[in-house]
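In what follows, a structure is listed as structure tokens, so that the remarks can point back to it.
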Amino acid sequence: MFAVQLYQSLPHYIPKATIEFPAVLGDLVTKNIELSNPSRSTIAYNVKNVGSEDFTIESEDVRIEPGQTIAFPVRFQSRISTLVKGKVIFTNKKEGNVQAAAMVFELVSNVYERNSVEIIMKSTKLYKSQQIDLQVENGFPSDVMFTIQVLYERAGGAKKPIDGQKAGAKGAGGKAGAAAKGAKGGSSQGGQSGVPDPFYCKMEAIKIRKNNSAMIPIIFLPFELGIHKCHIIFTDEAVGEVQYTIVGKAELPEILDTWTGDCNSEEPFTFKKVINFKNDRLEQAKN
């Protein structure tokens, strides 16, 4: 009899549907599960929420009158950008002689965008290193141990979703270009063009106490002219995640040499100069 009961009841514990919660990091999103009772008797469920604590429910039981349809709310607090999962399980609550079949719904996050705490604008000359002291505050209600990720967004690159999320999710902020490289506590060796990424951080992790802040040195060393964008992501899987953005402008490099000569007005004059094709500034920057 026990085997027969398992055979009849276990299929109901296969999730009936997957509910996705698209969100910007830090948002609170609510989705409703629609429950109907087509029978002539009242049915009642015990409700259990399992998995990630980022998903919450308002009530642990629900009653549905005959012919009634109700909306059961499930909330998701987007705390980190990595994928989190949970389940809501409805099991029969014994009231009278009515036996309601169990129902399971799978919950998945989809954090498609991060909003930066601060956007910092900096500029430097090509091949010239500049240190940017990033003041990172712990606004969470506990101490944090942040891992540090440097995510460079190459200009003109196609967008890709945040790590751990599905392709095709909408939203543009806080994503890397297709030629971008992300690295924990450092910088990649270069994108598809082979040019080194211009942002670098020597630190891999930092502990910040509650209500305190810490200074994180970020190196900006551009090898290409133009605007460069970098997202610095601080993540504590148990507490939360924050992002800072640096927008750096690479200006013309410093003058390597100056030529002078005397000439008469309105007369042709020829400069003769031995040119060194070796770019000393570039070589120094690479080293």
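No value in this document is a laboratory result; all are computed from the given coordinates. It should be emphasised that the depicted structure is a prediction, and the values quoted were computed from it without experimental measurement. We place every Cβ from the backbone using ideal geometry, glycine too, and count neighbours over all the protein chains shown.
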Over what distance in Å are the Cα centres of segment 244-273 and segment 54-133 separated? 58 Å
Cross-link reach list, aspartates and glutamates versus Lys125, counting only Cα pairs under 20 Å and skipping chain neighbours closer than eight places: Asp133, Glu153, Asp197, Glu224, Glu251, Glu254, Asp257, Asp280, Glu283
Quickly work out the Ile275-to-Ile227 label distance, labels modelled 7 Å from Cα along the C-beta direction, and quote it in nm with one decimal. 3.2 nm
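So, R0 is 51 Å and r is the distance between the beta-carbons of Gln284 and Ile57; what FRET efficiency does that work out to, to 0.05? Please report the intermediate quantities before stating the final value.
Details: r = 59 Å, r/R0 = 1.17.
Using R0 = 51 Å, I get an efficiency of 0.30.
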If each residue of separation counts as 0.36 nm, what is the full-extension length gain between Ile255 and Ala238 once their alpha-carbon separation is subtracted? 1.1 nm
For segment 226-242, in order, what is each residue's ³J(HN,Hα) by Karplus, 6.51 cos²θ - 1.76 cosθ + 1.60 with θ = phi - 60°, in whole Hz (x at glycine and Pro)? x, 9, 10, 10, 9, 10, 9, 10, 10, 10, 10, 4, 8, 10, x, 9, 9
Convert each backbone phi in segment 54-63 into a coupling constant with the Karplus relation 6.51 cos²θ - 1.76 cosθ + 1.60 (shift: θ = phi - 60°), then list the ³J(HN,Hα) values in order as whole Hz, x for Gly and Pro. 5, 9, 9, 10, 7, 9, 9, 8, 8, 10
Around Lys128 (Cβ within 15 Å, Cβ-to-Cβ, excluding Lys128; K/R +1, D/E -1) the net charge comes to 0
Ordering 77-84, 277-284 by per-residue average of other C-beta atoms within 10 angstrom, highest first, gives 77-84, 277-284
Sorted by chain and then number, the residues having a modelled amide H within less than 5 Å of the amide H of Leu107, at least 5 places away or on another chain, are Ile19, Gly86, Lys87, Val88
For Ile120, list long-range residues whose amide hydrogen, built 1.01 Å from N in the peptide plane, is under 5 Å from its own amide hydrogen. Thr245, Ile246, Val247
Take the Cβ-Cβ distance between Lys210 and Val24 as r, set R0 to 22 Å, and report the resulting FRET efficiency rounded to the nearest 0.05. 0.35
Taking a crude spin-label model, label points 7 Å out from Cα along the C-beta direction, the Met121 to Gln135 distance in nm is 1.9 nm
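Arrange the following residues from fewest to most other Cβ atoms within 10 Å of their Cβ: Tyr152, Tyr127.
On the way: Tyr152 25, Tyr127 19.
Lowest to highest Cβ neighbour count: Tyr127, Tyr152.
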Calculated from backbone phi, Karplus (6.51, -1.76, 1.60) coupling profile of segment 30-42 in Hz, x at Gly/Pro: 10, 10, 10, 9, 8, 10, 10, 10, x, 7, 9, 10, 6
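How would you rank 104-112, 258-266, 38-46, 209-217, highest first, on the average number of other Cβ atoms within 10 Å across their residues? Could the numbers behind the result be given before it?
Details: 104-112: 21.3, 258-266: 6.3, 38-46: 14.6, 209-217: 12.8.
Most protected by this proxy first, the peptides run 104-112, 38-46, 209-217, 258-266.
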Is there a pair in Lys128/Lys286; Lys128/Lys202; Lys128/Lys278; Lys85/Lys207; Lys128/Lys229; Lys85/Lys229 whose C-alpha atoms are over 21 Å apart, and which pairs would that be? Lys85/Lys207; Lys85/Lys229
Would you please give the FRET efficiency between Asn46 and Val247, computed as 1/(1 + (r/R0)^6) with r the Cβ-Cβ distance and R0 = 45 Å, to the nearest 0.05? 0.30
